[in-house]
Every structure is written in structure tokens, then in C-alpha cells.
Amino acid sequence: MTSPARPIRADTPVAIAPVGDRSWAWRRRLAYTLLIAYAILMFVPFAWSIITSFKTLPDSVRLTILPDPFTLQGWDFAITKLTPPLPVLFFNSALIAGVVTVTNLVLGSLAGYAFARLRFPGREVLFLIVLATLMIPDQLRLVPVYLIFNGIGLTKGVGQYLGVILVVAISGTSIFLIRQYFLTIPRELEEAARIDGAGFFTTFLRVMLPLAGPALGAVAILTFQGTWNGFFWPLILLQDQGHYTLPIGLLFFRTAGGFATIYPPLMATVVMATLPIVVLYVFFQRYFVEGIAATGVKG
Amino acid sequence: MTAASLARRPRAPNKGRAEALAGYLFIAVPMALFLVLNVGSIVYALFISVWKWNLRSGPVEFTGLRNYGTALSDPIFQTAIRNTLYYAVVWVPLTMALGLFLAVIVNQKIHGQTFFRAAFYFPAIASSAAITTLWIFIMAPDGIFNQVRGMVGLNPLFSLLGFTANQNWIGDQGTAMNTIILLNAWTTSGTFMLFYLASLQSISHEVYEAAAIDGAGAWQTFRRITFPLLKPGHYFVATVAVIGALQLFDQALIGGGVDGAPNNALMTMVLYLYNAAFKQFNFSYAAAIGIILFVVIFTATLVQRRLFGQAPAW
């Protein structure tokens, strides 16, 4: 702050405007300082997890910004000694989030197109069912979904992947977002294609899908983030440690795994669980912000 | 010309049938999944909840509404309801106020508007598991929160409030839930900021110009104009917030384990349900809790709708 310590008194022979200006400038500077401080505060915990992951265990509880000594022990421990190890958790998270993103794009764009453009009996009622699925809390579905999947062998072995993918393979949000976007595209474009003799699928694939970029981008980002961060269904449906995703691994380390206070590898896992989403956020911030604001549905 | 005349020609009946067939094919997979995993699930949950259920052999004995009665008279479930309501009553207004405050700030003409918006939303992008693990580390007895407040000389103030220098925030019965409230207020305020921002931008500039001409100050403009005109925004954010609050689970499980330790301080309704299913393996009991939870959430939504007006666009 470079402003004078003492405010100028009202009776000093200075025009009123500069006094006002100066106090406004001072207030504005204070406001910006607070804003920047609060913005930095948003990043501090994440920065702290990165710093801690490079510390030694005794150093990890010290309030120092630079690791002393700087070590990769925490990462080495997370990669080789944690059970399940960090690369396995990362692979499982990436596999499940990747597949679910693809299924939501494929199934969501097909269904979104049908609900926006094709005429068939019962369309409105069926679309209402799609919207109604957004109102049903997951907890109500916990027992039945688990029992159904358990009954058909989707809670064992590789079936666990399939189960956890199936339950979020398509969301009402994805269909809704893509349908709304298709409704804004003029009909003339596809009618021209239809007259050229193209079938419904060809029209969808060649004419409409290439125009849906922004909607597909938003659905891809929201789905990947939601599935990568997913907690409830992976917790219920992934029974073997070898199939855990990063969030379930973190829960396991903290509560049952006995790693609750071995902070450096624990923070390395936090970093790996967060970093891919941070990278996506840096590059596709617009999709995050607009997607959230448009749907009002998180994840 | 030719295109227009062709388009106006009446559609052949078999073409309409082909279109309907294509429509059904395009939606077949999602509708099948919704039918089994959503619609079917509710019916199945209702069915399971009135039986004594065995994981291997299915229904054993018809019990009627006994599961519902047992749940409502279980003191731990009552604690879970109390904890969840406490969380909702404190967290919802706190986070809404914070979100509104941030939205009003980033809605001003300020330098770096995009940066501040992105920064304030940043805590919301991480997974609940990662952020809760991190938060517990920060709030541990030897964590940086306790160290920083000691360093800047706040400890006398904290001891006045009854907290020791090594307060175990998440592990102490008296502070566990408030620690979770603070965490979720911090992470979710960014999301609510975005909701409010969309609502703020729908208020026309003319209203503000009129207020400025009448000489209204910043606070008066906010209180008399912005706040009342945000009514649809309040309604939408409050509905989302209450539904979310009643489903508090991830942070409670990670913070206090499957029993909501310490001493049920973190036991919530959903955690109680999870406990019934996967610690006690009492699936029909858990199904009944799920139905009760659904009724509670549905009722809360209806009550808000009665109190605050019409349904939002979705």
C-alpha cells in the first residue's frame, strides 16, 4: 500500500474531487488485494498437497513451503508399496471414465437426435421418463441395483468394471443437453440431405453430428469429470481392491488401509486424483462453467 | 424450388413408419437401461423393503412395514436425521450467502473477471474423496490449520472458544460436523456462484440505471433491487442445495468411517443406509431407508416449491 497513512482532512484547501478520487483508489486497491488473497486461498490446499507429496514423513507435518529434503520417496511408496498401488488406481479411473464418456456421447447423441427430430408415438412421455430419472436419488437405487448386478455376476472379477460402467453409461443430463442443442439447428439442413435419399442414420451421422460440437464437448467434459470423481457407485460396485478407482483407494487408505497418517504417499494419491481434472479445467474452462450454469446439474 | 415443393408433398405412410422405427432404435439402449436401473429399481426397492431378504435366496419372510417401523424408532437413525437436518440448516444458508456474495463480485466490471470466476469455482472441480482427504490432513491435530493459527497468534481467541492448540477438528464429537460444513461451504460456494451468476445476468440494466438516477447506494441497490429480483435464482439454488444436503455422504464416510465416528457425530441418513446394507448386510432394511429418504427429499422439494414459487425451467 502506497497511500498516505493519514486521510486528508476535509478543511484542507484541496478540491473535493481529488479527495474522493484518492479514497476511491484506496478502496479499490483494498478490494483487489482482498480478491486476489481469496483467489490464492482457493489454490493453497492443492498447492499444499503437491508440496507435501515431495516431503519426507517427519517433514510432512512441518509448516515449510519448500520440502527439506526434497524427496521422491512418497511417490515411490505410492507407486510400489501402497496396496492397491497408485498406477492400478489410475488405470481403473481412466478406463472407467473413458468408456463412460464414450457411451454417453454415442448413446446421448443418438437419443438426443431422436427426441429432437424424429417423430414417433409416445415420444413426449418417453422424454418425460428421461427427465424423471434426474429426480431419483441414487440412494434409493442402491439396494436394487446392487442385488440385480450381484444376481447376474457383475460384482465379481471383470464384471465389476461392466457394472460400474452400466449404471452411468447414459445419463438423462447428456440426452437433455444434446437434444436442446439439436433443437437450435435449422431443419432445412437435414431436409436437403433427406431429399438426396439419405437415411435417418446417415443424416444424423453426416449432417447433424458434425454440427453438434459444442454440445458434445460439454457432455464429454461433464461426464468425464463426474465419472473420474465418482464415489457412490464405485464404492458400492467395486468389491476387489484391484478394481478400485482413485477416490475409493483414498477412502480405503484413510479408513481401513492403515495409511491414514503416512501423508506424503497419501498426498501423492490426492494429486493424481486431482491433476487430470485440473488440466482439463485449464484448457476447457469454458465448458465447465457454461455446462454447470446451463444444466444446473453437477457432474 | 424443387426442394420446397418436394418437402411440401404429403409424407408417405411407410416413411412415417420408418421414421418411428428409427426413433425407437435410436433411444432403445438408454430407455432399456432407464427402465431396469431407474423405473424398475424403485418398484424392486418397494418390494424388497417389505420382506426379510437373504442375499443368496431372496425373499425369506413377509414382514410388511416392520422395517419402516424399526428404522423410525432406532435412536441411531434419529441421530442420523438430526445430524442431517443440522447440516442442512447451517450449510445451505451459509453456502448460498457465500455463493451469492461471490457472484455479485464477479458480476461487477472488474479487471481479471474471468480469472476470479475460474479461481472461485476451482475448489468445486476436485473429487469429494481427494478434497476431503486433503481437508482432514489440513485440519489434523498436527496439521497446518492449527500451526498457522498458532503462528499468527490466534490461539488465545480459540482457547476462549474452548479449543486447545492441538484441536482434533474432524476427530472431536463437538467439531466434526462443523468441520465438514466448512469444507463443503468452501467447495460448493463456487458452484452456487455460477448458478447465481446466470440469474444475475438476466436482470436488465435499466432497473439499475433507474436506481442510480434515484440516488440509491450500492447496499440499497442490492437489498431493494438485486436480492428480490433474484427470487427464481434463490429458489433454484435452494432446491439444489437442500437436495444435496439431505444426501450428505461422501465426506461423512471418509471423515468418520462407516459408523460416522466419533460417537455418531458424522452419522447421516445416507451413511446409515450404507451401513445397513454393507456392514450389517440387511438389504431389505436398507431398501426401506432408501424409500424413507426419497420421501423426505421429495417432501422437502414440494415444501420449498410451495414457499418460494414456481418450478424452474427444467
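Can you pull the mean other chain C-beta count within 10 Å for peptide A:232-239? Spell out each step's value before the answer.
On the way: counts 7, 0, 1, 6, 3, 0, 0, 1.
Averaged over the peptide's residues, the number is 2.
FRET efficiency for B:VAL39 and B:GLN173, Cβ-Cβ distance as r, R0 = 41 Å, nearest 0.05?
Details: r = 42 Å, r/R0 = 1.01.
Efficiency, rounded to the nearest 0.05: 0.50.
For segment A:16-75, what is the charge dipole size about the Cα centre, in debye to the nearest 20, if Lys and Arg each add +1 at the Cβ and Asp and Glu each add -1 at the Cβ?
Details: 6 positive and 3 negative charges, 63 e Å.
Dipole size: approximately 300 debye.
Treat every Asp and Glu Cβ in chain A as -1 and every Lys and Arg Cβ as +1, leave all other atoms uncharged, and give the resulting dipole magnitude about the Cα centre to the nearest 20 debye.
Dipole magnitude for chain A comes out near 560 debye.
Compute, for the protein assembly as shown, the length of the dipole vector about the Cα centre, with Cβ point charges of +1 (Lys, Arg) and -1 (Asp, Glu) only. Units Debye, rounded to 20. Present the calculation step by step, with values, prior to reporting the outcome.
Details: 39 positive and 23 negative charges, 218 e Å.
So the dipole magnitude of the protein assembly as shown works out to roughly 1040 debye.
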Ranked by how many other beta carbons lie within 10 Å on average, peptides B:23-33, A:230-240 from highest: A:230-240, B:23-33
Inter-probe distance in nm under a simple model that places probes 7 Å from Cα toward Cβ, at B:ALA300 and B:LEU21: 4.9
Whole-Hz ³J(HN,Hα) from phi, Karplus 6.51 cos²θ - 1.76 cosθ + 1.60, for segment B:79-91, glycine and proline x: 4, 4, 5, 4, 4, 5, 5, 4, 4, 4, 5, 8, 6
Cα pair distances of segment B:123-273 binned at 5 Å [whole percent]: 2, 8, 14, 15, 13, 12, 11, 10, 8, 5, 2, 0
Span-rule helices in chain A, defined as complete DSSP H runs reaching 18 Å or more along the axis (Cα) with Kyte mean at least -1.0: A:16-53, A:86-117, A:138-151, A:213-228, A:263-283
Separation in nanometres of the label points that stand 7 Å from Cα toward Cβ, at B:VAL89 and A:THR71: 4.8
Simple label model, 7 Å out from Cα along Cβ direction - B:VAL258 to B:ASP74, nm: 1.3
Farthest positive-ward along chain B dipole, Cα basis, beta-carbon charges - from B:THR132, B:THR79, B:ALA286: B:ALA286
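If packing is taken as the average number of other Cβ atoms within 10 Å across a peptide's residues, how do B:203-212, B:113-122 rank, most packed first? The partial results should precede the final answer.
Numbers: B:203-212: 11.6, B:113-122: 19.1.
Order by mean packing, descending: B:113-122, B:203-212.
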Shielding score for B:113-126, defined as the mean number of other chain Cβ atoms within 10 Å: 6
5 angstrom amide H check on B:ASN54, placed H, neighbours 5+ away: B:VAL60
10 Å Cβ neighbours from other chains, averaged over peptide A:213-225: 0
Percentage relative contact order, chain A, counting C-alpha pairs under 8 Å, at least six apart: 28
Cβ-derived FRET efficiency at R0 35 Å, B:ARG223 paired with B:HIS111, nearest 0.05: 0.85
Ratio Rg/Rh [Cα only; Rh per Kirkwood] for segment A:16-75: 1.38
Per-q log10 I(q)/I(0), chain B, q = 0.07, 0.11, 0.12 Å⁻¹ (Debye; single scatterer per alpha-carbon; no solvent): -0.44, -0.92, -1.02
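At a 10 angstrom cut-off on C-beta neighbours, averaged per residue, how do the peptides B:44-50, B:148-154, B:299-305 rank from highest to lowest? Can you show the working numbers first?
Working: B:44-50: 20.1, B:148-154: 11.4, B:299-305: 13.3.
Peptide ranking by packing, descending: B:44-50, B:299-305, B:148-154.
Convert 10 °C to kelvin, take the viscosity as 1.306 mPa s, use the Kirkwood radius over C-alpha pairs of segment B:14-66 as Rh, and evaluate the Stokes-Einstein diffusion coefficient in µm²/s, rounded to a whole number.
Numbers: Rh = 13.8 Å.
Taking Rh from Cα pairs, D becomes 115 µm²/s.
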For segment A:81-295, average projected area of the Cα convex hull in nm²: 14.1
Contact order normalised by residue count of segment B:75-308, Cα under 8 Å, 6+ apart, percent: 29
Gain on full stretching of the segment that runs from A:ARG119 to A:ARG206 - 0.36 nm per residue minus C-alpha separation: 29.4 nm
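Quick check: convex hull over the Cα atoms of the protein assembly as shown, volume per residue in Å³, rounded to an integer? Before the final figure, lay out the partial values.
Working: hull volume 129.0 nm³, N = 613.
Spread over its residues, the Cα hull of the protein assembly as shown gives 210 Å³ apiece.
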Cross-link partners of B:LYS52 among aspartates and glutamates (Cα-Cα below 13 Å; sequence separation of 8 or more within a chain): B:GLU61
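Any read-out appearing in this document is the output of simple, stated calculations on the displayed coordinates, not a laboratory observation. Only a predicted model underlies this, so the values are computations on that prediction, with no experimental measurement involved. In this analysis, Cβ positions are derived from the backbone assuming ideal geometry, glycine residues included, and neighbour counts consider all displayed protein chains.
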